[in-house]
Amino acid sequence: MTKYTHGAVEGEKTRRCRWCRHTLAAKNGPGRKAEFCSQKCRQWDWVSRQRAADLELSENELVMTRDELDTLKDQIFVLHCALTDAKTDLQHERHTKDSLREILNWLIDAAEPVAAASLTPSLRP
């Protein structure tokens, strides 16, 4: 089964904002291709690169608060549990419409916080 991301065409690489990773609208015609979805994202990318240079971080390193890391780990753990539960529940031979809806709702409830997570930069020096 071939999977596509929303709005993607087979064989075409989806362009994403360098900062927030949202999908960029396809642009045909002259000029450079957009790297950011907004001026805000362009600014945060610049601030981030300046801060990384100040802290002498490489391209592959980042700084985040312990609270942000713990929250993200907790959200991933809940999603992992939901996936495990769903796999176990789906091993039963027969499912009612309501049981499938319950499994799907549990997965959606676990996935939404992870999908909505935003790791925004701190303004602290």
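Exposure proxy for Thr96, Thr23: other Cβ atoms within 10 Å of each Cβ, ordered fewest to most, give Thr96, Thr23. How large is log10 of I(q)/I(0) for the range 64-125 at q = 0.20, 0.23, 0.25 Å⁻¹ when the intensity is taken from the Debye formula with one equal scatterer per alpha-carbon? Reported log10 I(q)/I(0), two decimals: -0.78, -0.92, -1.01.
With the simple model of a label 7 Å out from the Cα in the direction of the Cβ, Thr84 to Gln43 spans 4.4 nm. Within straight-line reach of Lys13, meaning a Cα separation under 23 Å, sit the following lysines at least 8 residues removed in sequence or on another chain: Lys3, Lys27, Lys33.
Relative to one another, the C-alpha centroids of the range 25-64 and the range 71-119 are positioned 33 Å apart.
In this simple spin-label approximation, Arg16 and Met64 carry label points 7 Å from Cα along the Cα→Cβ vector, and these lie 1.4 nm apart. Between Arg101 and Thr23, take the C-beta separation as r, use R0 = 35 Å, and let me know the FRET efficiency to the nearest 0.05. Efficiency at R0 = 35 Å is approximately 0.75. Extension gain, Arg32-Ile108: 0.36 nm per intervening residue step, less the Cα-Cα distance, totals 23.6 nm.
Listed by chain and number, the lysines whose C-alpha is less than 22 Å from the C-alpha of Lys73, apart from same-chain residues fewer than 8 away, are Lys87. Amide H to amide H distances under 5 Å link Arg16 with Leu24, where only residues 5 or more positions off or on other chains count and H is placed in the peptide plane.
Each reported figure results from applying straightforward, stated rules to the coordinates on display, with no laboratory input. Note that the structure is a prediction, hence the values are computed from the model and not measured. Positions of Cβ are backbone-derived with ideal geometry, glycine not excepted, and every protein chain shown enters the neighbour counts.
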